[in-house]
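Engineer: Starting off with a structure, shown below.
Throughout, read-outs are computed from the coordinates displayed, never taken from laboratory work. All of these numbers come straight from a predicted model, not from anything done at the bench. Here the Cβ is made from the backbone with ideal geometry for all residues, glycine too, and neighbour counts use every protein chain on show.
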C-alpha cells in the first residue's frame, strides 16, 4: 500500500472521530474502539492494533484527537515500555495476549530490573530463574519498582545461567505479580511519596511461554526497554490547564489517572519545574537581583538546549530512524537542568524553600522540588552510566578496564 499523505491521514482520522467519538461512552468501550480501529497506537503494525503509519504522522492523529477533546490510550506507566519491547522481541502469543490489554489499560505493568546490589550495574542481577521442567521458578529481590503495588504484570530480568559471563546469563520474562510467592513492600521517599517498592520472589512461577526472546538473550531485550525508557526519563510534563471536560469518559479517565498515574505525580518536581522559575522570580521580587537574573538566564539556556535535543530525538523517531545518542544525551541534560533549577529556586525563595505545608511557598511545591531533584540523576540509569555510554558508543573512546569477565558465579559482587 502506498504511503498516505498528511492530508489523507488527517481526513481519515477526522472522519472516524466524527462517526465514533462520544464523551458519554464508557472508557473501556472507547479504548476497545481505539484498539479495533488502530487509531490508539497508529504507528504500530496493522496486525497488532495499529495503522502502520510512519512515526512522523502520529502528530497528525494526536492533533485531530485534541481538536475534539477525544481521549487516547494511557500514555504513562510501564505498559508502553512493555509494549515497545514485545513488538520488537515478543512471540505471536505474547503480542496477542498482552498488547491489546495495554491499549485498553485493563492490565497495569511494572519493571523488575534493579536490585539492592545491582542498580546501575544492571547486568549484575542475581534474582534467579530455574526451570523445573514445567515452569521457571523465580527467587530473589527487586527494588525501586514503580507501581508494583497495583501492577498485574512485570517485565523481569533474571539470571538463568551462572556459568556464563554476566551479560550472557540473563533472560527476560513476563511475570504475573498476583500469584503466591510474590510479596510487594512500598518504600517511603524523603519527599513523602511512596512510588517505589521492594518486590520479593519466593518460588514464584513463570510459564515457559512468558519467556521473551530466548534463554540468555535477556540483556539485549532489556536494552530495548531501557532505550525507550530514556526517551521519557526527563520526567512527565508539568501540569497543564485544561478547560472543563464533562462526560462519562472524562470522569472514568480522571479516576484512572488518580490510580495509575499517582506514583508519577511528583515527577514534574524531580525535573526541577523550570516552568515556575520566572513566575516565582516576579512574585518574590527576585527578578530585580542581577545575580538571580544571571542564574535564571543560564538555566533557561540550558533548558532550551535540552529541549532542542529532545525535539531532535523525536524528529528522528518520527522519521523511523533508530534511536541515536540523543537518549543518553537528553537523560544527562535533564539531570543538569534539574539541579540548576533547584539552585535557582533556592536563590529565589531563600530559606523559606525548606518549608512545607499550607503556609509554605506554593504549598510545599518548592520544598518538594529540592528533595525530589536528586532522583533524576539516578532513575533510568545514573549520570555516570550515561557518560560511559556517550564516551564509548558516541565518542568511541576506549572502554574502561573490566574486572567482571568470566563465569558470573566467580565475579565479586555486593
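Engineer: If you bin the C-alpha pair distances of the stretch 266-381 every 5 Å from 0, what whole percents do you get?
Structural biologist: 2, 12, 20, 21, 17, 12, 8, 5, 3, 1
Engineer: Here's something else I'd like to know. Report the Cα-based extents of the stretch 270-319 along its three principal axes, largest first, to the nearest Å.
Structural biologist: Here the Cα extents, ordered largest to smallest, are 45, 17, 15 Å.
Engineer: Starting from the Cα-Cα distance between residue 150 and residue 220, subtract it from 0.36 nm times their residue separation and give me the gain in nm to one decimal. Numbers along the way, then the final one.
Structural biologist: Numbers: separation 70, 0.36 × 70 = 25.20 nm, distance 2.74 nm.
Difference between extended and current length: 22.5 nm.
Engineer: Another question, then. What is the fewest-to-most order of 225, 15 by other Cβ atoms lying within 10 Å of their Cβ? Walk me through the numbers on the way to the answer.
Structural biologist: Numbers: 225 23, 15 11.
Exposure proxy ranking, most exposed first: 15, 225.
Engineer: Hey, another quick one. Could you state the number of Å between the C-alpha centres of the stretch 111-186 and the stretch 286-308?
Structural biologist: 43
Engineer: When the Cα atoms of the stretch 1-157 are enclosed in a convex hull and the volume is divided per residue, what value in Å³ results? If you can, show how the numbers build up before the last one.
Structural biologist: Values: hull volume 23.2 nm³, N = 157.
Normalising the Cα hull of the stretch 1-157 by residue number yields 148 Å³.
Engineer: Still on this structure, I have one more. Distances longer than 14 Å among the Cα atoms of the stretch 370-410: what percent of all pairs is that?
Structural biologist: Working: 520 of 820 pairs.
Everything past 14 Å amounts to 63 percent.
Engineer: Say we join alpha carbon atoms closer than 10 Å with springs in a Gaussian network model of the chain; which of 186, 26, 268 then has the biggest fluctuation?
Structural biologist: With Cα springs under 10 Å in the chain, the top fluctuation among 186, 26, 268 is at 26.
Engineer: Between residue 355 and residue 382, what is 0.36 nm times their sequence separation minus the Cα-Cα distance? Round to one decimal in nm. Walk me through the numbers on the way to the answer.
Structural biologist: Details: separation 27, 0.36 × 27 = 9.72 nm, distance 2.85 nm.
Extending this stretch completely gives an extra 6.9 nm.
Engineer: Between Rg and the Kirkwood Rh of the chain, both from Cα atoms, what is the Rg to Rh ratio?
Structural biologist: Numbers: Rg = 22.6 Å, Rh = 23.2 Å.
We get a ratio of 0.98 for the chain.
Engineer: Sticking with this structure for a sec: Can I get the semi-axes of the stretch 6-73's equivalent ellipsoid? Compute them from the C-alpha gyration tensor as square roots of 5 times the eigenvalues, in angstrom, largest first.
Structural biologist: Working: eigenvalues 64, 42, 17 Å².
Semi-axes from the Cα gyration tensor: 18, 14, 9 Å.
Engineer: Using Cα pairs closer than 8 Å and at least 6 residues apart in sequence, work out the relative contact order for the stretch 6-73, in percent. All intermediate terms of the calculation are to be shown ahead of the outcome.
Structural biologist: On the way: 70 pairs, mean separation 21.0, N = 68.
Once divided by the residue count of the stretch 6-73, the mean separation gives 31 percent.
Engineer: Between the stretch 22-88 and the stretch 366-414, how many Å separate their Cα centres?
Structural biologist: 33
Engineer: Name the residues of the stretch 183-220 whose amide N is less than 19 Å from a point 7 angstrom out from the Cα of residue 92 along the C-beta direction?
Structural biologist: Correct set: 208-214.
Engineer: Below 8 Å between Cα atoms, with a sequence gap of 6+, how large is the relative contact order for the stretch 280-414 in percent?
Structural biologist: Values: 95 pairs, mean separation 27.8, N = 135.
Dividing the mean separation by the residue count of the stretch 280-414 yields 21 percent.
Engineer: Another one. For the stretch 171-216, state the average projected area of the convex hull of the C-alpha atoms over all orientations, rounded to one decimal in nm². Write out the running numbers ahead of the final one.
Structural biologist: Values: hull surface 17.4 nm².
Convex hull of Cα atoms, orientation-averaged projection: 4.4 nm².
Engineer: Here's another thing I want to ask about it. Kindly provide the helix-only [θ] at 222 nm of the chain, computed as the sum of -39,500 (n - 2.57) over DSSP H runs of four or more divided by all residues, to the nearest 500 deg cm²/dmol? Please report the intermediate quantities before stating the final value.
Structural biologist: On the way: 13 runs with 167 residues, N = 414.
Value at 222 nm, helices only: -12500 deg cm²/dmol.
Engineer: With a 10 Å radius around each residue's Cβ, average the other Cβ atoms per peptide and rank 187-195, 334-342, highest first.
Structural biologist: On the way: 187-195: 15.1, 334-342: 23.6.
Going by the mean number of other Cβ atoms within 10 Å, highest first, we get 334-342, 187-195.
Engineer: While we're on this one: Order 132-143, 387-398 from most to least packed using the mean count of other Cβ atoms within 10 Å.
Structural biologist: Values: 132-143: 16.6, 387-398: 12.6.
With the highest mean Cβ count within 10 Å placed first, the list reads 132-143, 387-398.
Engineer: Given a cut-off of under 8 Å on Cα pairs at least six residues apart, what relative contact order in percent is computed for the stretch 49-122?
Structural biologist: Details: 35 pairs, mean separation 21.5, N = 74.
Relative contact order of the stretch 49-122: 29 percent.
Engineer: Let me ask you something else. Going by average Cβ neighbours within 10 Å, how do the peptides 71-78, 89-96 rank, with the highest at the top? Spell out each step's value before the answer.
Structural biologist: Working: 71-78: 18.2, 89-96: 15.2.
Going from most to least packed, we get 71-78, 89-96.
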